[in-house]
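Below: the structure, in structure tokens.
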Amino acid sequence: MKSDKRLQGGPAVPNGDALFGSLFAQTAVGVAVISPEGVFARVNEALCRMLGYGEQELLQKNVRDVTHADDLESTQEIRLELLAGPGARVHERRYLRKDGSALWVQVVGALVRDGSGSPQCFVALVHDITELKLAQDALKASESRFRRMVELSSDWYWVQDENFRFVQLTGVEKRGIDPEAFIGKARWELQGPGSLPEKAWQQHREKLERHEPFSDFVYTVPDNAGEMRYLSVTGEPIFDPQGKFKGYHGVGKDVTEKARALEDLEDSEERYRMLFDIHPRPMWVVENKTLRFLAVNHAAVDHYGYSREEFLSMTAEQLRPPEDIAQLLKDFQDPSRSYMQRVARHRKKSGEQINVEIVSFNLEFDGRPARLAVISDVTERLKAEQLSRELEARYRALIESRK
């Protein structure tokens with residue numbers, strides 16, 4: 001192989017014009033030929049621009065001179081691996097620009113040997129992945145904030161696999177329940193005496209098999225002392241990037257104290273009204289014909305800002321933006337659907353618009369056809385999901401741009 005240049009005190013470097021000329025001139029990727037001792041022997045314009053040096057300045061530098069102090073040890077390890085055996089190595093490290101600022105790079109390095117097998121030089125392709133790293137850090141921070149939000153709004157976080165068996169529970173031990181008792185089991189395998197009737201479990205399993213989200217499902221399990229605990233859980237399905245179902249995750253709360261208070265009441269209208277009033281989510285009953293509010297619970301009053309008296313003087317249309325009223329009327333005109341789940345927009349008394357998920361059922365209230373609705377404010381969740389999608393799209397775009 002021809003040589004047009006020798007490293008000072010070292011072996012010949014392959015003819016750069018013949019071997020690298022086109023690549024050096026046309027690629028946006030940094031390219032460097034480096035002596036076995038780590039001195040830059042040839043660099044392209046892209047690498048100079050990346051590091052902020054002129055070509056002649058960079059040729060006076062050693063790789064160690066432009067490597068972040070925290071990455072020097074790993075850089076030496078990669079160098080020794082290349083000297084010890086064949087093949088290329090791909091690794092990430094931080095380089096230092098001329099102005100002292102750091103950038104993240106992905107380096108694809110290989111060792112070139114002469115005819116006798118002796119090390120001749122290293123060849124490195126250097127990709128600037130700083131923006132990708134920033135996007136990854138932002139995504140991690142977003143996930144951390146979401147996890148913290150979950151921790152603040154619930155007692156524990158749980159994950160199930162595609163067979164609905166628990167694989168993770170975080171925080172349930174605070175309620176005197178051993179998480180190991182859950183691992184590897186489905187929720188219906190944990191029920192204690194006096195739990196839900198089989199029909200209720202069947203309906204829950206069918207919902208899971210349809211891969212639908214669910215809210216405030218209450219069941220009982222024994223704690224470490226053998227006492228029954230009432231658990232309220234909310235969950236949503238998990239899908240991989242190809243749309244394959246991977247399981248469920250969600251949050252749970254211990255509602256034992258509320259449930260025990262209810263057990264002291266007679267099984268009468270008073271008991272059901274108290275269930276309605278103490279429910280943690282906004283609930284109301286709306287007359288089908290007039291759309292008037294017939295009943296609202298404390299959570300609805302607190303969340304929307306209207307007093308109970310104000311609610312009872314209003315109709316459901318007054319919570320909707322004008323452009324959404326037609327769909328609201330259509331929903332109430334369909335008597336065939338005894339159960340309905342949908343996402344809508346509501347306005348609070350303050351004028352703030354929120355996104356809500358509504359689960360509603362047909363019932364008769366004081367002799368009049370009506371619908372009972374349970375409301376979940378999903379505004380922050382939708383914002384978090386949108387941010388996650390934007391970060392993922394940016395991450396994927398950055399990956400595609402590096403191919």
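The values are calculated or read from the model by the stated rules, or taken from the named source; none is laboratory data. Here the structure is a predicted model, which means the values were calculated and not measured. Neighbour counts run over all protein chains shown; Cβ positions are idealised from the backbone, glycine included.
Some observations on this one:
- Any pair with Cβ under 6 angstrom, 6 or more apart, that starts in the range 65-93 at a residue that is within 15 Å of residue 103 (Cβ to Cβ) and ends at one that is part of a helix (DSSP H, G or I) and not aliphatic (A, V, I, L, M): 67/75; 93/71
- Scanning the range 37-46 for any residue that is touching a helix residue (DSSP H, G or I) at 6+ places or on another chain (Cβ under 6 Å), at pLDDT 90 or above and at positive phi turns up at least one such residue.
- Only residues that are in contact with a helix residue (DSSP H, G or I) (Cβ under 9 Å, 6 or more places away or on another chain), assigned to a loop (DSSP other than H, G, I, E, B) and without any contact (Cβ under 8 Å) to a residue 24 or more places away in the chain were counted in the range 47-60, giving 1.
- A single entry from 206, 212 fulfils the requirement of being part of a loop (DSSP other than H, G, I, E, B), charged (D, E, K, R) and over 21 Å from residue 280 (Cα atoms): 212.
- Considering only residues in the range 131-164 that are at pLDDT below 80 and of a type in the set (D, E, K, R), the one that is farthest from residue 215 (Cα to Cα) turns out to be 137.
- Pairs linking a residue in the range 384-400 that is surrounded by 14 or more Cβ atoms within 10 Å (Cβ to Cβ) to a residue that is modelled with pLDDT of 80 or more and charged (D, E, K, R), with Cβ atoms under 9 Å and 6 or more positions apart or on different chains, are 394/131; 398/131.
- Restricted to the range 75-130, and to residues there that are of a type in the set (Ser, Thr, Tyr) and surrounded by 15 or more Cβ atoms within 10 Å (Cβ to Cβ), the residue that is modelled with the highest pLDDT is 95.
- Filtering the range 24-57 to residues that are of a type in the set (Asp, Glu) and within 22 Å of residue 76 (Cβ to Cβ) leaves only 37.
- Flag if residue 196 is part of a loop (DSSP other than H, G, I, E, B), among the hydrophobic types (A, V, I, L, M, F, W, C) and at pLDDT below 85: yes
- Residue within the range 226-236 that is outside any strand (DSSP E or B), more than 28 Å from residue 392 (Cα to Cα) and of a type outside the set (Lys, Arg) present: yes
- Within the range 83-103, considering residues that are under 38 Å from the mean Cα position of the chain (by Cα) and among the aliphatic types (A, V, I, L, M), the one farthest from residue 32 (Cα to Cα): 102
- Which numbered condition residue 385 fails, given (1) assigned to a strand (DSSP E or B); (2) at pLDDT below 85: (1)
- For the range 350-370, taking the residues that are of a type in the set (D, E, K, R) and either over 18 Å from residue 296 (Cα atoms) or exposed (fewer than 13 other Cβ atoms within 10 Å of the Cβ) (or both), the one that is modelled with the highest pLDDT is identified as 352.
- Residues that are closer than 19 Å to residue 120 by Cα and either outside any loop (DSSP other than H, G, I, E, B) or polar (S, T, N, Q) (or both), drawn from the range 65-90: 75, 76, 77, 78, 79, 80, 81, 82, 83, 84, 89
- Cross-chain or 6+ apart pairs with Cβ under 7 Å, the range 164-182 first and within 24 Å of residue 207 (Cα to Cα) and assigned by TED's automatic domain parsing to the domain that holds residue 238, then acidic (Asp, Glu) and modelled with pLDDT of 90 or more: 167/161
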